[in-house]
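Structure record follows, encoded as structure tokens.
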Amino acid sequence: MTAISPSRTSKLPGHRAGQFGFTLVELILVLVVTGILAAVMAPRFFDRATFDTTSYSNQVTALIRYGQKQAIAQNRNVFVRLDGASVALCYDAACTQPVTAAAGKNSDSANTLARCGNLSTWACEGVPNGLAMTAAAMFYFDPAGRPFYPNDGNTSTFVNRLAVQVTGGGQTRVTLVEQETGYTR
């Protein structure tokens, strides 16, 4: 192994022998750029509403899909209540017979318990603080998984896509329920 002699390092452009590192101007420039990035990104990083919007929208989609699967598996109607404060699954239009949550328990958050009647086993989730959800007419999935409104007879009047919007943190997420198939995305 050969050592670099001081005479070789002095031939580097812009360097004198034994001089390595950053200049004071370079260090201050890095600190200024870091400060600007921190000032712009910190509020967004610490704002939970953007993360909560996506998370709650995914919960709404999952609960509606679970309702459709329960209707098919149980061979009975499953009602979906979207009242603007929560999304809930029930076996009757009055929501006196709640559907049990998929894991046997909902999120148990304070908002969920307050908006779902303190039932932690109900397939129901309350809207988190700082978010808003559009209310929609109650509907149900029949045993074949097709969506119907409560007053429909044998023919569904569920003729348009149902759009449920969750808004918060400057972001809007939409869950769609298709008319004929009940496919939820």
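Here the stretch 61-83 is the region considered, the condition is being of a type in the set (A, V, I, L, M) and closer than 18 Å to Lys105 by Cβ, and the residue that is nearest to the chain's Cα centre (by Cα) is Ala62.
Within the stretch 87-124, the residues that satisfy the criterion of being of a type in the set (Ser, Thr, Tyr) and not in a loop (DSSP other than H, G, I, E, B) are Thr100, Thr112.
Exactly one residue out of Thr112, Thr134, Thr121 is surrounded by 13 or more Cβ atoms within 10 Å (Cβ to Cβ) and touching a residue at least 40 places away in the same chain (Cβ under 8 Å): that is Thr134. When Gly84, Gly21 are screened for being loosely packed, with under 10 Cβ neighbours inside 10 Å, outside any helix (DSSP H, G or I) and not aliphatic (A, V, I, L, M), only Gly21 passes. For the stretch 143-185, a tally of residues being part of a loop (DSSP other than H, G, I, E, B), small (Gly, Ala, Ser) and exposed (fewer than 13 other Cβ atoms within 10 Å of the Cβ) returns 3. Only one of the numbered conditions (1) exposed (fewer than 15 other Cβ atoms within 10 Å of the Cβ); (2) within 19 Å of Leu176 (Cα to Cα); (3) of a type outside the set (A, V, I, L, M) is violated by Thr96, and that is (2). In this structure, is Arg173 free of Cβ contacts under 8 Å to residues at least 40 places away in the same chain, in contact with a Ser or Thr (Cβ under 8 Å, 6 or more places away or on another chain) and of a type in the set (Lys, Arg)? For Arg173, the condition - free of Cβ contacts under 8 Å to residues at least 40 places away in the same chain, in contact with a Ser or Thr (Cβ under 8 Å, 6 or more places away or on another chain) and of a type in the set (Lys, Arg) - is not met.
Bear in mind that the values in this text are calculations on the coordinates, not laboratory data. Remember, it's a predicted structure, so these values are computed and weren't measured experimentally. Positions of Cβ are backbone-derived with ideal geometry, glycine not excepted, and every protein chain shown enters the neighbour counts.
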